[in-house]
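Trainee: Below are the structure tokens for one structure; questions will follow.
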Amino acid sequence: MSSAAPTLADVNPDILTWDGPLGLPAFDKIEDRDFDAAFAVALPAHLAEIDAIADNPDAPSFENTIVALERAGGLLDRAASIFWNLSGANTNETIQKLERKLAPEMARHASAISMNRALFSRVDTLYQARDSLGLDAEAGRVLELTWKSFVRSGAQLEDADQKKLAAINERLASLGTAFSQNVLADESAYALALESPDDLAGLPEFLVSGMAAAAEERGHPGKHAVTLSRSIIEPFLTFSDRRDLREEAFRAWTARGAGAGARDNRPIVAEMVKLRAEKAALLGYETFAHLKLDNTMAKTPENVRSLLDTMWDKARKRAGEEAADLAELIAEEGRNHAVAPWDWRYYAEKVRAARYDLNDSEIKPYLQLEKMIEAAFATAERLFGITIRRHPDVRAYHPDVRVFEVLNADGERIAVFLGDYFARASKRSGAWMSSFQDQHRLAGDNGDGEQIPFVINVMNFAKAAPGAPVLITMDDARTLFHEFGHALHGMLSDVTYPSISGTSVSRDFVELPSQLFEHWLTVPDVLQTYAVHYETGEPIPDALVEKLRAAGKFNKGFANVEFTSSALVDMAFHALDPDQSADIDPQAFEAGVLSEIGMPEEIVMRHATLHFAHVFSGDGYSAGYYSYMWSGVLDSDAFRAFEETGDPFHPETAAKLHRHIYSSGGSMDPEEAYIAYRGKLPTPDALIEKEGLA
Ligand SMILES: [Zn+2]
């Protein structure tokens, strides 16, 4: 028995060196309990590397300081990337326990680096002399971003304030972890098991079989479970004739994080909002929103508010018209209730079916998951000259995960792609892109080798009954394209330095590659080739495509109200100064904001505060949920560049897109990158038109 701290010899070598197929980690040789020792060794090892850079007796140079920083932390990167990917996509109690322990440790670690005075002094010396260092544009940008990141992390604060800031960061990290674990617990605990055929009234076959599979997985074979996975709850609310069941499921869905007791996110949010305001004040910013927006394309809360207000007025007006249509239909059915939030999707689907002679069940037989994956791949191949090839024998961390390699036009491997498409209880809900390693050209002992990206898409599609094809909705297909757009941003990255690789761009720019890629889903050529009937193999009829196009602007008042209200509430929480943020009641605050902006009673926020993971599970999208809409302005305008040529695959436009947007990572200022692609900055006009809100 030894109580000595673990050393490198105690770390599972398969975390340290990846020699699985295609260079992936050998997942089958890594166990959950291995991560504890790996982090215990990797964190101090990284700090030792940092100290060596900081204490280097040689005068600071770009090479011995910035490049050295970029290259440091290899073991930590490897352990962390495997661990955090598992924590999202295949978690269990061992992982969750370590996650709770690690969250504050990682925050402390980040503080130890950003508040290292000797290190910052070297970075600062270089930054002040930046014009005389003879750096190329990319290196110059890395120096500038590094310096700013140190300053925003408190490098210039007095000792006492640095200590305060470090404590705040540590506490925020723990709170964020608790927040998301509470939401996950509420999501996986809930299943409304249905038994009688009456309970299934109105539900299409795909949903019935998805609910049967979900019940089976949760130990209720022979029953049908309504779970809170978006691919079940949303169609259930859309199709169930049973108003009582819709209400019950809706209430559970929107109450995530609001349970009393150990899973209550109320005190967590209240404390996070207060700590964020204090953090911003320490760093010299008026509010947390000012701090968060300082390094974005939007730059100020006023610019964000101006876009959100413009869209809010238009969305609310349209939602009012939509609500009137729904109320009319309810009256026609001889019912005398108002439109409740659990009625909206159900009656909207009926209005859509009547007005456009179109319903989801009619489209769904043409949307097979497998074909839609092929469609996303083929679109990327055609636009960017790549080839995506599956390796069916390569196994990742779960048997459901598929592994692909991506080749460039010369047949060289430029990326590995993992697709983890199906829902399971061990997976966080939602859909996302992440990576195991990022592209850069500092690999190898001399820094002269290329590291190719290993990128993953994680989705939550419901499995079909054995032998049946998985059919998805148009929204699901859009999500698939969206996340693959992010994946391409990571896989096509072509930069030298790791810190600006792929998706390491301003947060309100990062949704441009993903949202833009969604546009190709509805390109007629793509639909006719890949949207084929699962029984007959017939391509989707032109008339149906035309109906889809016509219905494309339907219910956009609803969609923009649920989004924009969430974004406005996010901004409001983070526009508080430390005094205003003391002792707030998150739900009362949210209600106050919603009443002030005139939230329609029939609609709820897309993400209510107590399960608003974008904003409270970490720092990611805090004061940043607006980014999707900001990127929406960009992507609507960016696709116009193709429309203006009359060719959705126009080669020169695609080449510019590849070069300036998908492969440039953070090597350029986002405004400059956009102008390089498009020749000018966009206005919201294309978005307003696309959403049919003009
Ligand atoms: Zn996205």
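Trainee: Name every residue in the stretch 627-677 that is in contact with a helix residue (DSSP H, G or I) (Cβ under 6 Å, 6 or more places away or on another chain) and among the small types (Gly, Ala, Ser), in order of residue number.
Mentor: Selection gives Ser631, Gly632, Ser636, Ala638, Ala641, Ala654, Ser664, Gly665, Gly666, Ser667, Ala673, Ala676.
Trainee: Follow-up question, since we're still on this one. So if I check each of Leu86, Leu98, Leu119, Leu76, which one is assigned to a helix (DSSP H, G or I) and out of contact with any Asp or Glu (no Cβ under 9 Å at 6 or more places or on another chain)? Steps first, please.
Mentor: On the way: Leu86 fails: out of contact with any Asp or Glu (no Cβ under 9 Å at 6 or more places or on another chain); Leu98 fails: out of contact with any Asp or Glu (no Cβ under 9 Å at 6 or more places or on another chain); Leu119 fails: out of contact with any Asp or Glu (no Cβ under 9 Å at 6 or more places or on another chain).
Every option except Leu76 fails the conditions.
Trainee: If you don't mind, there's one more thing I want to ask. Is it fair to say Gly537 is open to solvent by less than 50 Å² (accessible area, probe 1.4 Å), at positive phi and away from the ligand (no atom under 16 Å from the Cβ)?
Mentor: Working: open to solvent by less than 50 Å² (accessible area, probe 1.4 Å): yes; at positive phi: yes; away from the ligand (no atom under 16 Å from the Cβ): yes.
Here the answer is yes, as Gly537 does meet what is asked.
Trainee: Within the stretch 590-619, count every residue that is in contact with a helix residue (DSSP H, G or I) (Cβ under 7 Å, 6 or more places away or on another chain), buried (at least 16 other Cβ atoms within 10 Å of the Cβ) and in contact (Cβ under 8 Å) with a residue 60 or more places away in the chain.
Mentor: Residues in the stretch 590-619 being in contact with a helix residue (DSSP H, G or I) (Cβ under 7 Å, 6 or more places away or on another chain), buried (at least 16 other Cβ atoms within 10 Å of the Cβ) and in contact (Cβ under 8 Å) with a residue 60 or more places away in the chain: 13 in total.
Trainee: Considering only the stretch 592-626, how many residues are modelled with pLDDT of 95 or more, within 26 Å of the chain's Cα centre (by Cα) and either part of a helix (DSSP H, G or I) or not β-branched (Val, Ile, Thr) (or both)?
Mentor: Within the stretch 592-626, the subset modelled with pLDDT of 95 or more is 592-612, 615-616, 622-626.
Narrowing further to those that are within 26 Å of the chain's Cα centre (by Cα): 593-594, 599, 603-612, 615-616, 622-626.
Adding the requirement that they be either part of a helix (DSSP H, G or I) or not β-branched (Val, Ile, Thr) (or both) leaves 593-594, 599, 605-612, 615-616, 622-626.
Residues flagged as modelled with pLDDT of 95 or more, within 26 Å of the chain's Cα centre (by Cα) and either part of a helix (DSSP H, G or I) or not β-branched (Val, Ile, Thr) (or both) within the stretch 592-626 amount to 18.
Trainee: Follow-up. Find the helices (runs of 4 or more DSSP H) located wholly in the stretch 151-242 whose residues include 2 or more that are farther than 30 Å from Ala118 by Cβ and among the acidic types (Asp, Glu), and list them. Please lay out each step first, then the result.
Mentor: Values: elements: 159-189, 205-217, 230-239.
Fully inside the stretch 151-242 and qualifying: 159-189, 205-217.
Trainee: Right, here's the next one. Within the stretch 315-358, restricting attention to residues that are modelled with pLDDT of 95 or more, among the acidic types (Asp, Glu) and within 31 Å of the chain's Cα centre (by Cα), which residue is nearest to Ser231 (Cα to Cα)?
Mentor: Applying the filter and picking the extreme gives Asp343.
Trainee: Could you list, in sequence order, all residues of the stretch 482-515 that are in contact (Cβ under 8 Å) with a residue 60 or more places away in the chain, of a type outside the set (Gly, Ala, Ser) and within 11 Å of the ligand (Cβ to nearest atom)?
Mentor: Pass one, the stretch 482-515, residues in contact (Cβ under 8 Å) with a residue 60 or more places away in the chain: 484, 487-515.
Applying the additional criterion that residues be of a type outside the set (Gly, Ala, Ser) yields 484, 488-489, 491-492, 494-498, 500, 503, 505, 507-513, 515.
Phe484, His489, Thr503, Arg507, Val510, Glu511, Leu512, Pro513, Gln515, listed by residue number.
Trainee: Could you list, in sequence order, all residues of the stretch 528-555 that are in contact (Cβ under 8 Å) with a residue 24 or more places away in the chain and in a helix (DSSP H, G or I)?
Mentor: Thr529, Tyr530, Leu544, Lys547, Leu548, Arg549, Ala550, Ala551 - these are the residues of the stretch 528-555 that are in contact (Cβ under 8 Å) with a residue 24 or more places away in the chain and in a helix (DSSP H, G or I).
Trainee: Within the stretch 425-438, take every residue that is away from the ligand (no atom under 16 Å from the Cβ) and open to solvent by 30 Å² or more (accessible area, probe 1.4 Å) and give me the one that is farthest from the chain's Cα centre (by Cα). Reasoning before the result, please.
Mentor: Just the residues of the stretch 425-438 that are away from the ligand (no atom under 16 Å from the Cβ), to begin with: 425-427, 436-438.
Right, trim to open to solvent by 30 Å² or more (accessible area, probe 1.4 Å) and you get 425, 437-438.
Numbers: Ala425: 19, Gln437: 17, Asp438: 17 Å.
Among those residues, the one meeting the criterion is Ala425.
Trainee: Regarding Arg478, is this residue in contact (Cβ under 8 Å) with a residue 40 or more places away in the chain, among the charged types (D, E, K, R), open to solvent by 40 Å² or more (accessible area, probe 1.4 Å) and more than 12 Å from the ligand (Cβ to nearest atom)?
Mentor: Values: in contact (Cβ under 8 Å) with a residue 40 or more places away in the chain: yes; among the charged types (D, E, K, R): yes; open to solvent by 40 Å² or more (accessible area, probe 1.4 Å): yes; more than 12 Å from the ligand (Cβ to nearest atom): no.
Considered against the rule, which asks whether it is in contact (Cβ under 8 Å) with a residue 40 or more places away in the chain, among the charged types (D, E, K, R), open to solvent by 40 Å² or more (accessible area, probe 1.4 Å) and more than 12 Å from the ligand (Cβ to nearest atom), Arg478 comes out as no.
Trainee: Quick check: is even one residue across the stretch 512-527 among the β-branched types (Val, Ile, Thr), closer than 30 Å to Tyr621 by Cα and part of a helix (DSSP H, G or I)?
Mentor: First, pick out the residues of the stretch 512-527 that are among the β-branched types (Val, Ile, Thr): 522-523, 526.
This time we only want the ones that are closer than 30 Å to Tyr621 by Cα, so: 522.
Okay, now just the ones that are also part of a helix (DSSP H, G or I), so 522.
Checking the stretch 512-527: at least one residue is among the β-branched types (Val, Ile, Thr), closer than 30 Å to Tyr621 by Cα and part of a helix (DSSP H, G or I).
Trainee: Hey, which of the helices (runs of 4 or more DSSP H) in the stretch 633-694, taking only ones fully inside, have at least 3 residues that are surrounded by 17 or more Cβ atoms within 10 Å (Cβ to Cβ) and at pLDDT 95 or above?
Mentor: Here the list reads 651-657, 670-678.
Trainee: Within the set of pairs 6 or more residues apart or between chains, which connect a residue that is touching a residue at least 40 places away in the same chain (Cβ under 8 Å) inside the stretch 28-47 to a residue that is small (Gly, Ala, Ser) and assigned to a helix (DSSP H, G or I) with Cβ atoms less than 7 Å apart?
Mentor: Filtered contacts from the stretch 28-47: Phe35/Ala79; Ala38/Ala79; Phe39/Ala79; Leu47/Ala112.
Trainee: Give the number of residues within the stretch 378-415 that are under 16 Å from Glu483 (Cβ atoms) and open to solvent by less than 20 Å² (accessible area, probe 1.4 Å).
Mentor: Of the residues in that region, 6 qualify.
The values are calculated or read from the model by the stated rules, or taken from the named source; none is laboratory data. All figures in this text were calculated on a predicted structure; none of them were measured in a lab. Neighbour counts run over all protein chains shown; Cβ positions are idealised from the backbone, glycine included. We work out accessible area using only protein heavy atoms, side chains counted, and drop any ligands, DNA or RNA first. Shrake-Rupley method; radii C 1.70, N 1.55, O 1.52, S 1.80 Å.
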